[in-house]
């Protein structure tokens with residue numbers, strides 16, 4: 001096993017973030033089972049408080065199933081603008097301790113505190129200070145793993161989480177530290193499903209090989225893993241079982257893609273309504289692209305029908321863009337080539353092949369401040385001042401309002 005460095009990597013994970021955020025602005029919900037996500041029969045749970053998890057409710061579960069498990073739960077629609085605002089303040093708090101903050105999502109991040117020890121103390125002390133500052137400034141709790149690398153830090157933060165038991169919710173440890181000398185013992189006692197990349201199929205095959213824990217996986221010859229899973233996956237499993245994770249904490253990484261999708265309350269076969277939804281999503285994606293300083297080179301359309309059959313179509317754009325009408329035109333053309341008579345359950349739009357920072361190839365008109373650039377600038381300014389719903393494209397008037405909020409990936 002490669003020599004592990006000092007335990008300078010933190011993984012900070014907010015506790016039931018969306019649900020906790022809702023309780024923050026509705027204190028009367030404290031201690032109650034709160035379930036956030038689509039509130040209709042076709043919705044999907046985005047987050048569940050620990051009180052709701054006692055009933056078996058978890059994220060990605062259909063709302064209908066969650067209601068059957070937890071009939072007394074408080075079901076709330078997701079408010080992503082609110083969560084993003086909170087997340088922005090949380091990430092700013094992390095930045096006060098170290099510039100090396102790698103945000104993974106709205107509610108979790110890796111921090112490298114190697115250079116922060118002199119100012120703020122040992123990594124475990126920094127973790128405790130972060131928890132205290134979040135509780136004081138935002139009224140939220142988090143769990144922190146401290147370890148020599150990202151793999152171990154993330155696994156440690158999971159061990160620090162609150163625990164759901166038959167008698168109620170037990171507070172977690174809050175901070176779990178894995179020192180280099182303890183890393184192998186800590187890792188090897190965990191079930192193999194704890195490792196990233198071990199899904200149901202890999203789990204079944206590992207069990208066939210007699211590996212139920214990471215320690216049992218580590219005892220298997222690498223050649224046997226390569227034979228079972230292929231060269232790349234086999235070597236990766238061997239590395240993970242040996243506590244090896246060379247990935248550095250990267251302060252910022254450009255997104256590879258952005259996407260959104262909606263599930264309709266009823267299957268939609270009206271092409272005009274679907275076209276309107278395409279326009280709405282293109283406008284939202286374009287706004288997010290400009291905010292991220294990116295342009296898109298491809299557009300991807302995803303349709304899921306009532307029988308759960310899913311089709312995707314993609315198109316390479318003539319030039320990279322973050323201008324909504326161009327993106328909408330490409331997506332509408334993709335939709336025109338699909339038969340929607342069977343009824344569409346879900347519609348999604350994605351922007352791929354992203355370029356960062358000035359990568360958009362502008363026409364002469366746009367480069368000199370033409371209508372497209374002026375329109376984008378005006379839209380962004382209005383939304384920044386008055387909120388994202390202040391204005392929408394005329395073509396986005398849909399007769400089929402979405403059940404689910406946009407989901408970023």
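The values are calculated or read from the model by the stated rules, or taken from the named source; none is laboratory data. It should be emphasised that the depicted structure is a prediction, and the values quoted were computed from it without experimental measurement. Note: ideal-geometry Cβ built from the backbone for every residue, glycine included; neighbour counts use all protein chains shown.
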Residue 328 passes all but one of the listed conditions (1) within 18 Å of residue 275 (Cβ to Cβ); (2) touching a strand residue (DSSP E or B) at 6+ places or on another chain (Cβ under 8 Å); the exception is number (2)
Can you tell me which condition residue 146 does not meet? The list is (1) farther than 18 Å from residue 242 by Cβ; (2) touching a helix residue (DSSP H, G or I) at 6+ places or on another chain (Cβ under 7 Å); (3) touching a residue at least 40 places away in the same chain (Cβ under 8 Å); (4) assigned to a helix (DSSP H, G or I), and all the others hold. (4)
Going by what's in this entry, would residue 78 be described as in contact with a strand residue (DSSP E or B) (Cβ under 7 Å, 6 or more places away or on another chain) and assigned to a loop (DSSP other than H, G, I, E, B)? yes
Of the residues in the range 1-25, how many are out of contact with any helix residue (DSSP H, G or I) (no Cβ under 8 Å at 6 or more places or on another chain) and at pLDDT 95 or above? 1
Listed residues 124, 116; which is closer than 11 Å to residue 10 by Cβ, surrounded by 15 or more Cβ atoms within 10 Å (Cβ to Cβ) and in contact with a strand residue (DSSP E or B) (Cβ under 9 Å, 6 or more places away or on another chain)? 124
Condition check for residue 16: at positive phi, under 17 Å from the mean Cα position of the chain (by Cα) and surrounded by fewer than 17 Cβ atoms within 10 Å (Cβ to Cβ): no
All positions within the range 195-217 that are within 21 Å of residue 159 (Cα to Cα) and assigned to a helix (DSSP H, G or I): 203, 214, 215, 216, 217
Note on residue 62: of the conditions (1) without any contact (Cβ under 8 Å) to a residue 40 or more places away in the chain; (2) in contact with a helix residue (DSSP H, G or I) (Cβ under 8 Å, 6 or more places away or on another chain), unmet is (2)
Could you tell me whether any residue of the range 160-168 is touching a strand residue (DSSP E or B) at 6+ places or on another chain (Cβ under 7 Å), surrounded by fewer than 16 Cβ atoms within 10 Å (Cβ to Cβ), part of a strand (DSSP E or B) and not assigned by TED's automatic domain parsing to the domain that holds residue 53? yes
Just wondering, is there one or more residues in the range 252-269 that are touching a residue at least 12 places away in the same chain (Cβ under 8 Å) and farther than 28 Å from residue 60 by Cβ? no
Can you pull out every residue in the range 299-315 that is in contact with a helix residue (DSSP H, G or I) (Cβ under 9 Å, 6 or more places away or on another chain) and touching a residue at least 24 places away in the same chain (Cβ under 8 Å)? 299, 300, 301, 303, 313, 314
